[in-house]
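Novice: I'd like to ask some things about the structure below.
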Amino acid sequence: MLPSPGLIFQSVLDGVFLGFLYSLIALGLSLVFGVMGIINFAHGDFIMLGSYLVWILANGLRSDPSFMSLATVPLFFVIGAAIYMTIIRPVLGKEPLIQIAVTVGIGYVLQNFALMMFRAEPRAVQTTYLNLYLNLGVVSIHLAKLISAFLSLLIVLGVHYLLTKTWVGLAIRATAYDREVASLMGINVGKIFLLVFSLGIGLTGLAASLWMTFGQADPYIGSSFGLLTWVIIALGGLGGVSGLIASSLIVGIIQSLTMTLVSPTVSLAIPYVVFIMVLWFRPQGLFGKV
Amino acid sequence: MRNTLLELKDIEAGYGVFRVLHGVSLEVGKGEIVALVGPNGAGKTTTLKTIAGLTNLFKGEIVFDGLRINDVPPHNRIRKGLALVPEGRGIFAPLTVLENLYLGAYHEEARQKLNDSLEMVFTIFPRLKERKNQIAGTLSGGESQMLAIGRALMSRPKILLLDEPSLGLAPKVVSELFEIFKRLNDEWKVTLLLVEQHVKNSLEISHRAYVMESGKIVLEGESSVLIDDERLRKAYLII
């Protein structure tokens, strides 16, 4: 039996919504990598940790998860700053293997902390104001997903504005390209690193709040978010926000379509299959320059 | 009596634990053009990098504008009026020409004079004005060097440290560049410390010069005297 056009359209739409949230997650990861050269393998695990925090707060306050971003973003910004100062800064300029070991280590600590505290069962927030469906005939729009997509896009564009239109953004881009010459320009490279890492982790606090308006917290979502956003960054090619958004949407749509048309289990694997295929034909990424 | 702007006293510096400079002393007076010449590997670049704060300083003292700056981090040295135009130009290739120039005026005091400085740089390098919205990576070698110098001027430096500015440029562009150095010094009263391979050109435009070999100063004096020095003429084939 062929799936109805309505079902496919619905699936694409859900994929687009999910894709925008992915772009928010990938943005923080790509900033940290692009500016500092650090691959943060714990990036997804911060979203996992944030999801549990949102779960506790939203259930405790009987309020919507999205509002919890008012707490998670500043808190994660500060956590990001603390982790940069204590763990990341000492390994800057060290061999990549050391840096990988450090961030993978952070990820494992967070995962096992979550396992110990919350066990392996998925947790969802009970109260959400956004758990409504707008019925538009052929498709119905899940308000939570729509709003999370909208807020994600807003923040991604906001960060893009920061990077391209402000002095601090100019300093970040200069540091990303050549940190020694950036310091000659009077840029305090250490401060830029601190800011970028804190911002990257702060954004995972927001992503966690938005995710919990329709998703669930479990100790392993970090790994899937982390790997998936790497695929997005590699697909998009480092650099532009437009490439990042486009590849996020592609991954979101592919995932959603395979979930609808094939099976949820396969949908977890398909983005990686697509990724490997893209690498065969365009090693520089879909939107990256050679 | 020279009005000293920059003084290096018995500097030993290098990278990691390796010493490249073995007791370098030199002086640059306000308003001077001083050339620093010598063979490859003599430590000229390391000397400039040490002044900019990019090396490990083991021993000695750097005094700039009356203050000891040994412990001032690199990003604060430009504030004090030290601007290094690094070897290879150090252009931010993915950014536009204008963005590169803005970065030269990143520190607060320079930012307040941004528009005046831009006008000054565009007067000296009209070609940068024509190309201001272009991506810097697409500039020719000569234009990149102009951008690197223009960017350094945006910081309103008291001294400009130039590391091999003529490297890889066509002879015609090189003479243009040396004309610009003279103009910067005459008209805009910028003090220059110039590291160069074009020994003859450098001696012609500079007031004084130092010759470096193996991390040490081996010869110093008035450029007009050094240009006739037998040893130097032999070593650098000045005809």
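The values are calculated or read from the model by the stated rules, or taken from the named source; none is laboratory data. Just so it is clear, the model here is predicted, and its values are computed rather than measured. Methodologically, a virtual Cβ is constructed for each residue, glycine included, from the backbone with ideal geometry; neighbour enumeration extends over all protein chains shown. To get the accessible areas, we keep the full protein, side chains included, count just its heavy atoms, and leave off ligands, DNA and RNA. Shrake-Rupley method; radii C 1.70, N 1.55, O 1.52, S 1.80 Å.
Novice: Suppose every Lys and Arg Cβ carries +1 and every Asp and Glu Cβ carries -1, with no other charges. What dipole size does chain B come out with about its Cα centre, to the nearest 20 debye?
Specialist: Working: 31 positive and 30 negative charges, 74 e Å.
Using only the charged Cβ atoms, the result is roughly 360 debye.
Novice: What are the principal axis extents of the Cα atoms in the protein assembly as shown, in Å, biggest first?
Specialist: Principal-axis extents of the Cα atoms in the protein assembly as shown, largest first: 94, 45, 43 Å.
Novice: Add -39500 (n - 2.57) for each DSSP H run of 4 or more in chain A, then divide by its residues: what number comes out at 222 nm, to the nearest 500 deg cm²/dmol? Display every interim value, and only then the final one.
Specialist: On the way: 11 runs with 207 residues, N = 290.
Theoretical 222 nm ellipticity from helices: -24500 deg cm²/dmol.
Novice: Go ahead and set up a Gaussian network model of chain A, Cα springs under 10 Å, then flag whichever of A:Ile172, A:Ile221, A:Ile98 fluctuates most.
Specialist: Per the Cα network of chain A with a 10 Å cutoff, A:Ile98 tops the list.
Novice: Among A:Thr72, A:Thr265, A:Thr103, determine the one that fluctuates most according to a GNM of chain A built with springs between C-alpha atoms less than 10 Å apart.
Specialist: A:Thr265
Novice: Roughly what would the spin-label model give for A:Val262 and A:Thr166, points 7 Å off Cα along C-beta, in nm?
Specialist: 4.2 nm
Novice: So, one more: For the stretch B:208-213, what does the Karplus curve 6.51 cos²θ - 1.76 cosθ + 1.60, with θ = phi - 60°, yield as ³J(HN,Hα) per residue in whole Hz, taken in order and with x for Gly and Pro?
Specialist: Computed from phi, the couplings for the stretch B:208-213 are 9, 8, 10, 10, 10, 8 Hz.
Novice: What does the average come to when, for each residue of peptide B:100-106, you count the partner chain Cβ atoms lying within 10 Å of its Cβ?
Specialist: Working: counts 3, 0, 5, 11, 3, 3, 10.
Neighbouring Cβ atoms belonging to other protein chains average 5 per residue here.
Novice: Taking loop as defined by DSSP and a crowding limit of 12 other beta carbons within 10 Å, which chymotrypsin sites (Phe, Trp or Tyr not before Pro) in the stretch B:157-239 fit? Don't jump to the answer; show the numbers that get you there.
Specialist: Numbers: sites: B:Phe178, B:Phe181, B:Trp188, B:Tyr210, B:Tyr236; in loops: B:Trp188.
Those satisfying the criteria are B:Trp188.
Novice: Taking B:Lys44 as the anchor, which lysines have their alpha carbon closer than 16 Å to its alpha carbon, excluding any fewer than eight residues away along the same chain?
Specialist: B:Lys9, B:Lys216
Novice: How many Cβ atoms of partner chains, on average, are near each residue of A:165-174 if near means within 10 Å of its Cβ?
Specialist: On the way: counts 0, 0, 6, 0, 0, 7, 3, 0, 5, 8.
Mean shielding by partner chains, rounded to a whole number: 3.
Novice: Rounded, prolate or oblate: which fits the stretch A:1-59 when a ≥ b ≥ c are the square roots of the eigenvalues of the alpha-carbon gyration tensor, with rounded for a/c under 1.5 and prolate only if a/b beats b/c?
Specialist: Values: a/c = 3.55, a/b = 1.61, b/c = 2.20.
In terms of gyration-tensor shape, oblate.
Novice: Note down the relative contact order for chain A as a percent, whole number, built from C-alpha pairs under 8 angstrom at least six residues apart. Show your work: numbers first, answer last.
Specialist: Values: 454 pairs, mean separation 107.4, N = 290.
Relative contact order here is 37 percent.
Novice: Find which of A:Asn188, A:Val168, B:Gln134 sits farthest along the positive direction of the dipole of the protein assembly as shown, computed with +1 on the beta-carbon of Lys and Arg, -1 on that of Asp and Glu, about the Cα centre.
Specialist: A:Val168
Novice: Okay, next question. Once the Cα atoms of the stretch B:1-125 are picked out, what are the Rg and Dmax in Å?
Specialist: For the stretch B:1-125, the Cα-based Rg and Dmax read 16.0, 46 Å.
Novice: With point charges of +1 on the Cβ of Lys and Arg and -1 on the Cβ of Asp and Glu, referenced to the Cα centre of the stretch A:18-219, which listed residue (A:Met212, A:Leu157, A:Ala26) lies farthest in the positive direction of the dipole?
Specialist: Working it through, the farthest residue towards the positive pole turns out to be A:Leu157.
Novice: Same structure, new question: Can you list the lysines whose alpha carbon sits under 21 Å from that of A:Lys191, skipping same-chain ones fewer than 8 residues off?
Specialist: Once the sequence-local lysines are set aside, what remains near A:Lys191 is A:Lys94, A:Lys165, B:Lys80.
Novice: Note down the magnitude of the dipole of the protein assembly as shown about its Cα centre, charges +1 on Lys and Arg C-beta and -1 on Asp and Glu C-beta and zero elsewhere, to the nearest 20 debye.
Specialist: Numbers: 43 positive and 38 negative charges, 80 e Å.
Its charge dipole is roughly 380 debye.
Novice: Could you give the dipole magnitude of the stretch A:18-219 about its Cα centre, charging the beta-carbon of Lys and Arg +1 and that of Asp and Glu -1, in debye to the nearest 20? The partial results should precede the final answer.
Specialist: Details: 10 positive and 7 negative charges, 46 e Å.
Charge dipole of the stretch A:18-219: 220 debye, to the nearest 20.
Novice: Still on this model: In nm, give the distance between the simple-model label positions of A:Leu2 and A:Ala120, each being 7 Å from the Cα along the Cα-to-Cβ direction.
Specialist: Computed distance between label sites A:Leu2 and A:Ala120 equals 4.2 nm.
Novice: Then there is this: Which log10 I(q)/I(0) values does the stretch B:120-239 give at q = 0.10, 0.12, 0.14, 0.23 Å⁻¹ under the Debye formula, counting every alpha carbon as one identical point scatterer?
Specialist: -0.34, -0.49, -0.65, -1.41
Novice: Among rounded, prolate and oblate, which fits the stretch A:80-236 when a ≥ b ≥ c are the square roots of the eigenvalues of its C-alpha gyration tensor, a/c under 1.5 means rounded, and a/b larger than b/c means prolate?
Specialist: Numbers: a/c = 2.62, a/b = 1.43, b/c = 1.82.
Oblate, because a/c is 1.5 or more while a/b does not exceed b/c.
Novice: Still on this structure, please answer the following. Scan chain A and hand back the longest stretch that contains none of the trypsin sites (Lys or Arg not before Pro) lying in DSSP loops with at most 11 other Cβ atoms within 10 Å.
Specialist: Working: sites that count: A:Arg62, A:Lys94, A:Arg119, A:Lys289.
Here the longest segment lacking exposed loop sites spans A:120-288.
Novice: Between the DSSP loop rule and a limit of at most 15 other Cβ atoms within 10 Å, which trypsin sites (Lys or Arg not before Pro) in the stretch B:184-213 are left? Intermediate values should be presented prior to the final figure.
Specialist: Values: sites: B:Lys189, B:Lys200, B:Arg208; in loops: B:Lys189.
In loop regions of the stretch B:184-213 (DSSP not H, G, I, E or B), the sparsely surrounded trypsin sites (Lys or Arg not before Pro) are B:Lys189.
Novice: Compute the Rg/Rh shape ratio of the stretch A:181-236: radius of gyration over Kirkwood radius, all on alpha-carbon atoms.
Specialist: Numbers: Rg = 15.7 Å, Rh = 13.7 Å.
Dividing the radius of gyration by the Kirkwood radius yields 1.15.
Novice: Given a cut-off of under 8 Å on Cα pairs at least six residues apart, what relative contact order in percent is computed for chain B? Show your work: numbers first, answer last.
Specialist: On the way: 456 pairs, mean separation 63.5, N = 239.
Relative contact order, chain B: 27 percent.
Novice: Give the dimensionless ratio obtained when the Cα radius of gyration of chain B is divided by 2.2 N^0.38 Å.
Specialist: Numbers: Rg = 17.2 Å, N = 239, 2.2 N^0.38 = 17.6 Å.
That works out to 0.97 for chain B.
Novice: Over 26 Å between Cα atoms: which of B:Lys132/B:Lys182; B:Lys59/B:Lys200; B:Lys59/B:Lys234 fall into that group? The partial results should precede the final answer.
Specialist: On the way: B:Lys132/B:Lys182 24 Å; B:Lys59/B:Lys200 32 Å; B:Lys59/B:Lys234 33 Å.
Flagged as over cut-off: B:Lys59/B:Lys200; B:Lys59/B:Lys234.
Novice: Using a Cα-Cα cut-off of under 16 Å, which aspartates and glutamates could be cross-linked to B:Lys113, ignoring same-chain neighbours fewer than 8 residues away?
Specialist: List returned: B:Glu99.
Novice: With springs connecting C-alpha atoms under 10 Å apart, model chain B as a Gaussian network and identify which of B:Thr138, B:Thr50, B:Thr191 has the largest mean-square fluctuation.
Specialist: Looking only at B:Thr138, B:Thr50, B:Thr191, the largest GNM fluctuation is found for B:Thr138.
Novice: Name the residue farthest towards the positive end of the dipole of chain A from the options A:Ile276, A:Phe76, A:Ser263, assuming +1 on Cβ of Lys and Arg, -1 on Cβ of Asp and Glu, about the Cα centre.
Specialist: Sorting the options by dipole projection puts first A:Phe76.
Novice: Sorted by accessible area (1.4 Å probe), largest first, how do A:Phe41, B:Phe18 line up? Provide the component values of the computation, followed by the final result.
Specialist: Numbers: A:Phe41 90, B:Phe18 150 Å².
Sorted descending by solvent-accessible area, the residues read B:Phe18, A:Phe41.
Novice: As an exercise, find the ratio Rg/Rh for chain A from alpha-carbon atoms, using the Kirkwood inverse-distance average for Rh.
Specialist: Working: Rg = 18.9 Å, Rh = 19.5 Å.
Ratio of gyration radius to Kirkwood radius for chain A: 0.97.
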